[in-house]
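Data block below; observations after.
The values are calculated or read from the model by the stated rules, or taken from the named source; none is laboratory data. Everything numeric here is computed off the predicted structure, so don't read it as measured data. No Cβ is skipped: glycine too gets one built from the backbone with ideal geometry, and neighbour counts run over all protein chains shown. We work out accessible area using only protein heavy atoms, side chains counted, and drop any ligands, DNA or RNA first. Shrake-Rupley method; radii C 1.70, N 1.55, O 1.52, S 1.80 Å.
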Amino acid sequence: MRVRSKTPETDAAAVPVAQDALLASAFEQLEAEGWSPQVFAARLPGLWEACRTQRADRRTPWLAGMREVARRAWALPETVRDAWTALLAEWADWPLLLAVAAHGGQADDPSERLSQRLALAHFRLGNMAAALSACRRNLLLHPASAWSLELHRACVEWQTFLDRVPPIEDETLRLEPLGHQHCADFAWQYWDPDIARLCCLPVFGDDAAWHRWLDECWGYGDQRLYAVLHRDWGFVGSVSLTLHGDLGFFYYWIGRDFQGQGLGPAAVRLLLSDAFDRHGMRACYAKVFEHNVPSRRALARLGFEALDFRPAPPHDDELLYRLGPPQGRWDSAEALHELFARMGSQTRVAVPSRGALRAPCHA
């Protein structure tokens, strides 16, 4: 889809002017009409024509408005619901798609197309039992459906992976291992270039680059990446933990539209609690740019303490943090030397390792 870190201005250059204007006009009318179901139904055919070019930075206001439509829509025709769920699938709003399909009983007797969308929604949200059930039902009714057969195979393979790397969840968030099926969902939230810059992550030129990066991350063996799935909004960000022995190093990011709501710290608490309780982690480290005040405050709220040394130049504009039992600065520096080396990071600590101190000097 669009796994690129880019500005809305750059994104806009690729959007046909007529379709962008159509979406803007429809949004203004729907706002003025209080997101009337009748007005929404009348505008929906035109929306479907333009939805594939929707700018990522304008998507969430649409999704919020459509939730108003869903709360007031009691008897929309089946054709409207079919077009609506198609639009929601294009914009990767899986929770609302499931709600719209269930509203009025369609989820009990779905068409083939809706059955496929329901299966895909459950798959992307990590509801494997429901996804497999939808696939089997569709195959029973449509045995020649290659799409359902392929999704069924993907669900079985993913469930096998989840048996080894289980999700972590509470009543609001689910940390689902990040998989190739999350590519488009990831892209909708990753558009803000600050995410790549502040997290020192790649700028992905296309889907293939993202898939290679994901395979590489999982290939390290001690790094776990998770999609942060919100119960009502679906994919809102990502968290990652590298666990080397009993030492951890983590980062996280949340899409711009969902920042400032406590979702990042909530996801990190889930991640770290699981690592401390189930995987024997003793201490965890993180780094953040000095100017990134919101992240520094978040780390402090999570119980992390700033270390009294920094990375060596050219990364000395970052600060280092630690969560764990008290220990001396030399032990923390040594732990970070070990972690950065294991992670293949170019960051170095501005405190020499013990090995370097013990190395003999040669004239």
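This table checks each residue for (1) open to solvent by 30 Å² or more (accessible area, probe 1.4 Å); (2) within 18 Å of the chain's Cα centre (by Cα); (3) not acidic (Asp, Glu).
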{"position": "GLU49", "(1), (2), (3)": "yes, no, no"}
{"position": "GLY65", "(1), (2), (3)": "no, no, yes"}
{"position": "VAL69", "(1), (2), (3)": "no, no, yes"}
{"position": "ALA73", "(1), (2), (3)": "no, no, yes"}
{"position": "THR79", "(1), (2), (3)": "yes, no, yes"}
{"position": "THR85", "(1), (2), (3)": "no, no, yes"}
{"position": "ALA92", "(1), (2), (3)": "no, yes, yes"}
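Quick check, is ARG71 under 24 Å from PHE258 (Cβ atoms) and either of a type outside the set (D, E, K, R) or in contact (Cβ under 8 Å) with a residue 24 or more places away in the chain (or both)?
No, not satisfied.
Starting from residues that are within 18 Å of ALA121 (Cα to Cα) and aromatic (Phe, Trp, Tyr), keep the ones in the range 143-163 and report whichever is least open to solvent (accessible area, probe 1.4 Å).
This residue is TRP158.
Take the residues in the range 127-142 that are open to solvent by 20 Å² or more (accessible area, probe 1.4 Å) and of a type outside the set (A, V, I, L, M, F, W, C), then tell me which one is nearest to GLY234 (Cα to Cα).
The extreme case among them is ASN127.
Restricting to the range 304-346, what's the tally of residues that are of a type in the set (D, E, K, R) and open to solvent by less than 40 Å² (accessible area, probe 1.4 Å)?
Selection size over the range 304-346: 2.
Quick one: would you say PRO360 is part of a loop (DSSP other than H, G, I, E, B), modelled with pLDDT of 95 or more and loosely packed, with under 13 Cβ neighbours inside 10 Å?
No; evaluated as a whole, the condition is false for this residue.
Table: residues versus (1) farther than 19 Å from ASP185 by Cβ; (2) of a type in the set (Gly, Ala, Ser); (3) modelled with pLDDT of 90 or more.
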residue: GLN38; (1), (2), (3): yes, no, yes
residue: GLY46; (1), (2), (3): yes, yes, no
residue: ARG52; (1), (2), (3): no, no, no
residue: ASP82; (1), (2), (3): yes, no, no
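For the condition under 21 Å from ARG231 (Cβ atoms), within 19 Å of the chain's Cα centre (by Cα) and surrounded by 14 or more Cβ atoms within 10 Å (Cβ to Cβ), what is the one hit in PRO166, PRO177?
The conditions single out PRO177.
Return the pair list, or none, for Cβ contacts closer than 8 Å from residues in the range 144-167 that are touching a residue at least 24 places away in the same chain (Cβ under 8 Å) to residues that are among the aromatic types (Phe, Trp, Tyr), at least 6 apart or on different chains.
Once the first residue is touching a residue at least 24 places away in the same chain (Cβ under 8 Å) and sits in the range 144-167, its partners that are among the aromatic types (Phe, Trp, Tyr) give LEU151/PHE123; ALA154/PHE123; CYS155/PHE123; TRP158/PHE123; PRO167/TYR226.
Just give me the residues in the range 215-230 being open to solvent by 70 Å² or more (accessible area, probe 1.4 Å) and in a strand (DSSP E or B), in sequence order.
ARG224
In the range 90-114, what residues are modelled with pLDDT under 90 and either in a loop (DSSP other than H, G, I, E, B) or in contact with a His (Cβ under 8 Å, 6 or more places away or on another chain) (or both)?
Listed by number, the residues that qualify are HIS103, GLY104, GLY105, ASP109, PRO110, SER111, GLU112.
Kindly establish whether ALA130 is hydrophobic (A, V, I, L, M, F, W, C) and closer than 22 Å to LEU96 by Cα.
In short, yes.
Which of the residues spanning the range 54-63 are closer than 13 Å to LEU44 by Cβ and within 17 Å of the chain's Cα centre (by Cα)?
none
Do you know which residues across the range 34-47 are closer than 14 Å to VAL80 by Cβ, open to solvent by 30 Å² or more (accessible area, probe 1.4 Å) and either of a type outside the set (Gly, Ala, Ser) or not in a helix (DSSP H, G or I) (or both)?
GLN38, ARG43, PRO45, listed by residue number.
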